[in-house]
Amino acid sequence: MTHSSTASSAAPTRPPPVECLNGGLLLDGVCLCADDWKGDTCSEENFCKAEMVDGLNFPRTPIGWFSYSEEVCPEGSSAGKPRAATRCSNNNGSLAFQHPQRLQCSLTLSDILKNVRNAVDPEILATSAQILTSRPEELTAENVTAAAEIANMLLLSESQSVKTAAVATVSQLLNASVLDNTEENNATLRSTNFSLQRFISENSIKYS
């Protein structure tokens, strides 16, 4: 007597749903991670941990981003501005802050503009302008105009570090919400935005 066996068709198994960690968002099966996380499930650190560097405290910062010190300038022209800036970088797989660049607290954007025209210490001036514009909500129309002129001149520098600081300055200016919303100020912001976009395009730079 012959017995025929009937093969049962098992339902195909589905892979478990992807779980995005650390605030990641799932889109079409792929996790979209926040700036400070990476990996398939947003589980890999992509930031420099908060630490003290050269006697100054810097908060947790995503890789590639600039960070400003918690310590600020005392009373004076730059009162309340960060004392220094640094950047979170990847050195052969090790995430760490670069050596901080300090602000000379007596400097103002007007001082920097005068010195830039005389080509005095462009790297120091570039970093100082960047720090002085790090809180765009506090900038006046006069501040924005001076900083935009500074950045436009620094973008012509041959130094990559000077250009990078200038790009950071311009990026911060674009977030300024000045009270004196004059036509002159709007024109300055439009010119600044154009300079930034042109520089990024010509140099294939990605900046956060």
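The values are calculated or read from the model by the stated rules, or taken from the named source; none is laboratory data. This is a predicted model, so every value here is computed, not measured. Please note: Cβ atoms are built from the backbone with ideal geometry, for glycine as well, and neighbour counts cover all protein chains shown.
Just so you know, in the stretch 27-78 the residues that are of a type in the set (S, T, N, Q) and in contact with a Ser or Thr (Cβ under 9 Å, 6 or more places away or on another chain) include one that is modelled with the lowest pLDDT, and it is 77.
Taken over the stretch 90-116, the residue count meeting the criterion of being small (Gly, Ala, Ser), within 30 Å of residue 38 (Cα to Cα) and either without any contact (Cβ under 8 Å) to a residue 40 or more places away in the chain or surrounded by 20 or more Cβ atoms within 10 Å (Cβ to Cβ) (or both) is 2. Being small (Gly, Ala, Ser), under 19 Å from the mean Cα position of the chain (by Cα), modelled with pLDDT under 90 and not assigned by TED's automatic domain parsing to the domain that holds residue 78, is that true of even one residue in the stretch 187-194? For the stretch 187-194, residues small (Gly, Ala, Ser), under 19 Å from the mean Cα position of the chain (by Cα), modelled with pLDDT under 90 and not assigned by TED's automatic domain parsing to the domain that holds residue 78: absent.
Quick grid of which residues meet (1) under 30 Å from residue 21 (Cα atoms); (2) among the basic types (Lys, Arg); (3) under 21 Å from the mean Cα position of the chain (by Cα):
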residue	(1), (2), (3)
96	yes, no, yes
114	no, yes, no
129	no, no, yes
142	no, no, no
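Filtering the stretch 83-93 to residues that are assigned to a strand (DSSP E or B) and either more than 20 Å from residue 62 (Cβ to Cβ) or out of contact with any helix residue (DSSP H, G or I) (no Cβ under 6 Å at 6 or more places or on another chain) (or both) leaves 84, 86, 87, 88, 89, 90, 91. Of the helices (runs of 4 or more DSSP H) contained entirely in the stretch 94-171, those carrying at least 2 residues that are within 25 Å of residue 51 (Cα to Cα), modelled with pLDDT of 90 or more and among the hydroxyl-bearing types (Ser, Thr, Tyr) fall at 122-132.
Among the residues of the stretch 79-93, the one identified as at pLDDT 95 or above and among the polar types (S, T, N, Q) is 86.
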